[in-house]
Amino acid sequence: EKGGYDHFMLKEIHEQTNAIVDTYRGRLLADKDIIKMGSVDNNITKFLNAKRIVVVACGTSWHAGLVGEYLFEDLARIPVEVEYASEFRYRNPVIHKDDIVIAISQSGETADTLAAIKLAKANGAFVFGICNVVGSSIARETDSGAYTHAGPEIGVASTKAFTTQITVLSLIALKLGYLKGELSKSDYHNYIQELSIIPSKVEKLLKFDAEIEKIAAIYKDAPNCLYLGRGYNFPVALEGALKLKEISYIHAEGYPAAEMKHGPIALIDESMPVVVIATRKGHYEKVVSNIQEIKSRKGKIIAIVTKGDTQVRDIADHVIEIPDTLEPFTPLLTTIPLQLLSYYIAVMRDCNVDQPRNLAKSVTVE
Ligand code: M6R
């Protein structure tokens, strides 16, 4: 049942190549430069007229929603708010009739997300679901939606649900960006072509197991860990930290890299590992200076860089290279080594990787 892997989590990490392909199959028609999504096409006027998109979700799905914020704003110029479903539902939020509410949930059973959907519907918003489990409560409660097609996710730590949620969000953002005239035909073409080859790049990254295992062995006993990223990779930093804390019980925090100087830098000393996502296009020079600030305080740097990088390699303690890609798709790649890093650390600490203490796969109570 684990397909030869020691844990469901590792199996699911490795399934991401195919899961992304399954998610865009029949939707991303790369040879024709077409993105076809029935649920978006059938509601296209609503999508094109939306003044705002509000994303509601929890946990990892909320992190995918944050990546969605960068995608929708950058590619389609639609303002986005990303809300914790649990806060949104009790906050007396302002919801307009021409808002689109996107609810993201792997299980489709998360109580807070379900309640947020009901509230949005009662206020007249159009609610679109991005779920993995077919026929789940959220899939049924939403006005329309798109499944992620990741296949069953058994490990409590969400992995392939995250990357397939980002895939669906990318498809919608690209489609709307093009239809709204925000993306030129050639940019649209380039994004489509690049998205279609992302799975092969994910596949390459999955071969770095051994390299990441070595880094895990060095830091497995660290009491704390910081994760930093900017732009599209800020949510990836949050997700990397969540993954480490939930399965290895190491205290970890994710921050936008530039927030360092507003507090977290005080934590840096020789025993603090800092995972920094420093891909070439994402405010690279600024992240490099953050790395220098950490190094001068003796922090240990594990950097995720673009293939061929030399500048960060010179100063970081460890580097993991990701293949080059267009900026909006970097989260689909940078996430992979962070998932593997937390997996190996948890295994080395003898933790119950697939069923971490105090956690359930679907959180059906608030
Ligand atoms: O099923 P959902 O996507 O609605 O679940 C939301 C969170 O409970 C979930 O992502 C949780 O944070 C995971 N354990 C993270 O790995």
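The values are calculated or read from the model by the stated rules, or taken from the named source; none is laboratory data. Since the structure is predicted, the reported quantities are computational estimates derived from the model, not experimental observations. With ideal geometry, Cβ positions are generated from the backbone for all residues, glycine too; neighbour counts draw on all protein chains shown. Remember, those area values only see protein heavy atoms, side chains included, never the ligands or the DNA or RNA. Shrake-Rupley method; radii C 1.70, N 1.55, O 1.52, S 1.80 Å.
Give the residue, chosen from 259, 203, 246, that is of a type in the set (Asp, Glu) and under 20 Å from residue 299 (Cα atoms). Answer to the selection: 259. Condition first: open to solvent by 50 Å² or more (accessible area, probe 1.4 Å), charged (D, E, K, R), more than 20 Å from residue 233 (Cα to Cα) and part of a loop (DSSP other than H, G, I, E, B). Can you find one or more residues in segment 37-50 that meet it? No, there is no match, as no residue in segment 37-50 is open to solvent by 50 Å² or more (accessible area, probe 1.4 Å), charged (D, E, K, R), more than 20 Å from residue 233 (Cα to Cα) and part of a loop (DSSP other than H, G, I, E, B).
This table checks each residue for (1) touching a Ser or Thr at 6+ places or on another chain (Cβ under 8 Å); (2) within 10 Å of the ligand (Cβ to nearest atom); (3) open to solvent by 10 Å² or more (accessible area, probe 1.4 Å); (4) at positive phi.
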site	(1), (2), (3), (4)
64	no, yes, no, no
79	no, no, yes, no
104	yes, yes, no, no
128	yes, no, no, no
136	yes, yes, no, no
154	no, no, yes, no
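Number of residues in segment 252-266 that are open to solvent by less than 10 Å² (accessible area, probe 1.4 Å) and within 16 Å of the ligand (Cβ to nearest atom) equals 1. Restricting the first member to segment 338-364 and to residues that are within 12 Å of the ligand (Cβ to nearest atom), and the second to residues that are open to solvent by 50 Å² or more (accessible area, probe 1.4 Å) and in a loop (DSSP other than H, G, I, E, B), the beta-carbon pairs closer than 6 Å and six or more apart or on different chains are 362/109; 364/109. Between 158, 107, 170, the distinction of being within 15 Å of the chain's Cα centre (by Cα), hydroxyl-bearing (Ser, Thr, Tyr), closer than 26 Å to residue 83 by Cα and assigned to a loop (DSSP other than H, G, I, E, B) belongs to 158 only.
Hey, among the residues in segment 227-251 that are surrounded by fewer than 24 Cβ atoms within 10 Å (Cβ to Cβ) and within 17 Å of the chain's Cα centre (by Cα), which one's nearest to residue 356 (Cα to Cα)? Please lay out each step first, then the result.
Within segment 227-251, the subset surrounded by fewer than 24 Cβ atoms within 10 Å (Cβ to Cβ) is 230-231, 238, 242, 245-246, 249-251.
When the remaining residues are screened for being within 17 Å of the chain's Cα centre (by Cα), the result is 230-231, 238, 242, 245-246.
Values: 230: 29, 231: 30, 238: 19, 242: 12, 245: 10, 246: 7 Å.
The residue in question is 246.
Here residue 72 fulfils each of the conditions (1) assigned to a helix (DSSP H, G or I); (2) away from the ligand (no atom under 11 Å from the Cβ); (3) more than 19 Å from the chain's Cα centre (by Cα) apart from (3). If only one of 186, 196, 200 is part of a helix (DSSP H, G or I), among the polar types (S, T, N, Q) and open to solvent by less than 60 Å² (accessible area, probe 1.4 Å), which one is it? That would be 196, the only listed residue that is part of a helix (DSSP H, G or I), among the polar types (S, T, N, Q) and open to solvent by less than 60 Å² (accessible area, probe 1.4 Å). What pairs come out if I take residues in segment 227-248 that are free of Cβ contacts under 8 Å to residues at least 40 places away in the same chain and pair them with residues that are away from the ligand (no atom under 11 Å from the Cβ) and not aliphatic (A, V, I, L, M) whose C-beta lies under 7 Å away, six or more apart or interchain? Partner pairs satisfying both residue conditions: 241/227; 241/253; 241/254; 245/251.
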